[in-house]
Amino acid sequence: MLKLENICKYYNPGTVNEMCLFEDYSLSVDKGEFVSIVGSNGSGKTSMLNIICGSIPIDSGKILIEDKDITKTPEFRRAEYIGRVFQNPALGTCPDMTILENMAIADTKGRAFNLKKGTDKKRIEYYRELLQGLGLGLENKLNVKVGSLSGGQRQAMALLMSTMTPIDFLILDEHTAALDPKTADIIMELTDRIIRDKNITALMVTHNLRYAVEYGTRLIMMHEGRNVIDIKGEEKKNLKVEDILLKFNEISIECGN
């Protein structure tokens, strides 16, 4: 279980540009939940992911995983049990290294290399099997540099690499936003399959309302650092895109837009 307890976060404190993003914000995510998170720009969606991953510090409050306080745990330590896929496909892979080299690095995350080989024939065949499951033909391009792949292929690799080692949480930060519609659909189907097969707890920020409604077991809408919608179960299954749009319009009117 993931818990954010009474989180407070200010930007530019003590200046004329001081802004309170979160004030006494709390959230609990149960093991195995797939949470879709939507909201307008500046609502706190990506900042919440950064707080969970340790990319930005908080001013007060606690972050707990399985009741263990990780509030002061550095980002690189959290990466041992948190996988993350970014909006930019280039951020999840090393472009000047081959597919094989990228896979080998992801496969050994958190382990010491010492002086032994980074991979062997058995692991290479395992990588081929994993890549074949993507259905993109990458299993036949192990010696091709990742920088020459399309954005969709790189994002599929980033998703696969982020879940190769056992993780507790998968963080998806608008990971389909930079892709064309057809490729985005492929990546979302792959995302859903990996999360289900590995029973991973996942949080996905997206601006695609259809994905937010169709995928996941829970949906949260954020506005000004708070949750204005938080539904799961049968209520989530019966949700329609029009319902979310209606709430967006209400918020827009309240803000004078």
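The values are calculated or read from the model by the stated rules, or taken from the named source; none is laboratory data. Treat the numbers as computed from the prediction; the structure is a model and nothing was measured. Here Cβ is always computed from backbone atoms with ideal geometry, including for glycine, and neighbour counts include all displayed protein chains. In case anyone asks, the SASA skips ligands and DNA or RNA and just uses the protein heavy atoms, side chains included. Shrake-Rupley method; radii C 1.70, N 1.55, O 1.52, S 1.80 Å.
Conditions (1) at pLDDT below 95; (2) within 25 Å of residue 236 (Cβ to Cβ); (3) surrounded by 15 or more Cβ atoms within 10 Å (Cβ to Cβ), marked per residue:
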{"residue": "36", "(1), (2), (3)": "no, yes, yes"}
{"residue": "39", "(1), (2), (3)": "yes, yes, yes"}
{"residue": "83", "(1), (2), (3)": "yes, yes, yes"}
{"residue": "114", "(1), (2), (3)": "yes, no, no"}
Going through region 2-26 one residue at a time, which ones are at negative phi and either outside any strand (DSSP E or B) or open to solvent by less than 10 Å² (accessible area, probe 1.4 Å) (or both)?
-> 2, 4, 7, 13, 15, 16, 17, 18, 22
If you scan region 124-163, which residues turn out to be surrounded by fewer than 18 Cβ atoms within 10 Å (Cβ to Cβ), part of a helix (DSSP H, G or I) and either polar (S, T, N, Q) or touching a residue at least 40 places away in the same chain (Cβ under 8 Å) (or both)?
-> 132, 140, 147, 148, 151
Exactly one condition in (1) of a type outside the set (D, E, K, R); (2) under 27 Å from residue 199 (Cα atoms); (3) part of a helix (DSSP H, G or I) is not met by residue 63; state its number.
-> (3)
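Residue-by-condition table, conditions (1) touching a residue at least 12 places away in the same chain (Cβ under 8 Å); (2) open to solvent by 50 Å² or more (accessible area, probe 1.4 Å); (3) touching a helix residue (DSSP H, G or I) at 6+ places or on another chain (Cβ under 9 Å); (4) not hydroxyl-bearing (Ser, Thr, Tyr):
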position: 98; (1), (2), (3), (4): yes, no, yes, no
position: 107; (1), (2), (3), (4): yes, no, yes, yes
position: 122; (1), (2), (3), (4): no, yes, no, yes
position: 165; (1), (2), (3), (4): yes, no, yes, no
position: 174; (1), (2), (3), (4): yes, no, yes, yes
position: 184; (1), (2), (3), (4): yes, no, yes, yes
Return only the number of the condition from (1) open to solvent by 50 Å² or more (accessible area, probe 1.4 Å); (2) assigned to a helix (DSSP H, G or I); (3) within 23 Å of residue 109 (Cα to Cα) that residue 210 does not satisfy.
-> (3)
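Rundown of residues vs (1) aliphatic (A, V, I, L, M); (2) at pLDDT 90 or above, yes/no style:
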site	(1), (2)
204	yes, yes
238	no, yes
250	no, no
254	no, no
